[in-house]
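In what follows, a single structure is set out as structure tokens and then discussed.
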Amino acid sequence: MNGQITSRVQERYEVRQVGLESLDQLMAWRKTVLEEVFGSLSHQTMQKLLAANRAYYEAAIVQEQHVACFAYEDGIPVACGGMCIQLEMPSPDNPQGINAYLMNIYTTPAHRARGAGKAVVEWLVEQARIRNIGKIYLETTPLGRELYATVGFVDYPDIMHLPCADPLNA
């Protein structure tokens with residue numbers, strides 16, 4: 001995309017966009033995120049989920065529907081994040097109908113509360129703005145809530161969620 005920033009140094013971290021050349025690394029970090037957020041999953045469920053995530057990355061990155069990045073300190077990745085770019089019906093709060101869903105934001109325990117996660121989130125928000133995306137949202141755990149608030153995210157109280165059948169275990 002024109003004007004797209006693929007790398008930026010923010011404080012002590014360099015945030016860089018990665019693509020399919022880093023697929024194995026993306027998958028390893030995704031597995032860590034899944035384990036931390038969802039706890040212990042059965043081996044079979046995890047394998048199905050990882051296969052689905054690999055297929056997602058392979059399609060969405062190529063189609064520019066997903067932007068993935070790592071924050072590096074001294075050349076070593078210490079945090080990651082992603083942005084799913086989606087279409088929705090245009091509305092007064094999003095007349096273009098393009099939204100970004102930030103996900104897979106994760107910082108290694110040794111680097112938490114040191115700015116790496118914030119660097120990733122700020123970089124992803126900048127990527128969304130460069131793409132003229134009208135709505136940016138995310139889900140959070142209690143651990144991440146304060147970080148997202150410092151970047152400017154606010155609670156969106158009118159959202160509800162309908163849990164559906166688990167297709168991985170059907």
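Does the stretch 66-89 contain at least one residue that is polar (S, T, N, Q) and more than 30 Å from R12 (Cα to Cα)? Can you show your working first?
First, the residues of the stretch 66-89 that are polar (S, T, N, Q): 86.
Going one step further and asking which of them are more than 30 Å from R12 (Cα to Cα), we end up with 86.
Yes, because at least one residue in the stretch 66-89 is polar (S, T, N, Q) and more than 30 Å from R12 (Cα to Cα).
Is the stretch 94-105 home to any residue that is more than 19 Å from the chain's Cα centre (by Cα) and assigned to a strand (DSSP E or B)? Talk me through it step by step, then tell me what you get.
Just the residues of the stretch 94-105 that are more than 19 Å from the chain's Cα centre (by Cα), to begin with: 94-97.
Add one more test, that the residue is assigned to a strand (DSSP E or B), and what stays is 94.
For the stretch 94-105, residues more than 19 Å from the chain's Cα centre (by Cα) and assigned to a strand (DSSP E or B): present.
Among residues belonging to the stretch 40-66 that are of a type in the set (S, T, Y) and in a loop (DSSP other than H, G, I, E, B), point out the one that is modelled with the highest pLDDT.
The first filter runs over the stretch 40-66 and keeps only residues of a type in the set (S, T, Y), leaving 40, 42, 45, 56-57.
Narrowing the set further to residues that are in a loop (DSSP other than H, G, I, E, B) leaves 40, 42.
Working: S40: 88, S42: 92.
Checked the stretch 40-66; the qualifying residue modelled with the highest pLDDT is S42.
Look through Y137, Y156 and report the one residue that is assigned to a loop (DSSP other than H, G, I, E, B) and of a type in the set (S, T, Y).
On the way: Y137 fails: assigned to a loop (DSSP other than H, G, I, E, B).
After applying the criteria, what remains is Y156.
Given (1) within 24 Å of A116 (Cβ to Cβ); (2) in contact with a helix residue (DSSP H, G or I) (Cβ under 7 Å, 6 or more places away or on another chain); (3) part of a helix (DSSP H, G or I), where does V37 come up short, assuming only one miss?
In the conditions (1) within 24 Å of A116 (Cβ to Cβ); (2) in contact with a helix residue (DSSP H, G or I) (Cβ under 7 Å, 6 or more places away or on another chain); (3) part of a helix (DSSP H, G or I), V37 misses (2) alone.
So which of V121, V151 ends up being surrounded by fewer than 18 Cβ atoms within 10 Å (Cβ to Cβ) and touching a helix residue (DSSP H, G or I) at 6+ places or on another chain (Cβ under 9 Å)?
The match here is V151.
Matching residues to (1) at pLDDT 95 or above; (2) out of contact with any strand residue (DSSP E or B) (no Cβ under 7 Å at 6 or more places or on another chain); (3) under 27 Å from P142 (Cβ atoms):
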{"position": "S22", "(1), (2), (3)": "yes, yes, no"}
{"position": "F70", "(1), (2), (3)": "yes, no, yes"}
{"position": "G97", "(1), (2), (3)": "no, no, no"}
{"position": "L102", "(1), (2), (3)": "yes, no, yes"}
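The values are calculated or read from the model by the stated rules, or taken from the named source; none is laboratory data. From a predicted model like this one, the values you see are computed outputs, not experimental measurements. Heads up, the Cβs are rebuilt from the backbone with ideal geometry, glycines too, and the neighbour counts pull from every protein chain shown.
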